[in-house]
1. Kindly list the number of the only condition in (1) at pLDDT 85 or above; (2) among the basic types (K, R); (3) farther than 16 Å from E155 by Cβ that fails for R2.
2. Output the qualifying pairs, or none if there are none: Cβ atoms under 9 angstrom, residues six or more apart or on different chains, first residue in the range 63-92 and of a type in the set (F, W, Y), second residue exposed (fewer than 13 other Cβ atoms within 10 Å of the Cβ) and not in a strand (DSSP E or B).
3. Looking only at the range 65-78, decide whether some residue is surrounded by 14 or more Cβ atoms within 10 Å (Cβ to Cβ), part of a strand (DSSP E or B) and not charged (D, E, K, R).
Amino acid sequence: MRQYIPILKAVILLVVVPAVIYFASLSKTVRLWREYSGLERTIVDVSSGSVPSGEVRAGAPLLSTGDILETVTPACEAAGVTVVSYVHEMSATAAGMGLCRAELVLSGMFTPLLTVMDSISGVQQIKTAEAEFRCDERMRREGRIQLRLELVQLEKTTDGSE
């Protein structure tokens, strides 16, 4: 048996120790490197034009017409949130598209406001540019806060209106 101890040590040193080192520390690094290489190939494919790049598409007007309020009202009523104000403006128009910005102010409890905000973020044509919570002494006594949302949408415009 003593004659096999040096062979056993050599096998452990040459096979077992590298395997333990790989699985303990290098396997995650190798996996991340492979993932990085795959993402790098994807970026090269996109930049070379073989994969279509993201197009900017204008959607049906929701902000300029106020139709977003019809979308938000059921979620507001279910959560006990009230719409304080809604103001919109068309920022820029060109080539049959316009950039519409809207400010929507909601009032209610914190968690229901987040629920309504989540339902607004579910509308794919509209992006939330800014969200701000406000609370003054009067609202604090009532246990309510305000949420001011700045919404942005790229809308299709008609030729006669801007």
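1. The failed condition is (1).
2. Y86/G66
3. Taking the range 65-78 as the starting set, the residues that turn out to be surrounded by 14 or more Cβ atoms within 10 Å (Cβ to Cβ) are 68-69, 71-72, 75-76.
Now drop any that are not part of a strand (DSSP E or B), which leaves none.
Looking for residues that are surrounded by 14 or more Cβ atoms within 10 Å (Cβ to Cβ), part of a strand (DSSP E or B) and not charged (D, E, K, R), one finds none in the range 65-78, hence no.
The values are calculated or read from the model by the stated rules, or taken from the named source; none is laboratory data. All values derive from a computational prediction rather than experimental measurement. So basically every Cβ, Gly included, is an ideal-geometry build from the backbone, and we count neighbours across all protein chains shown.
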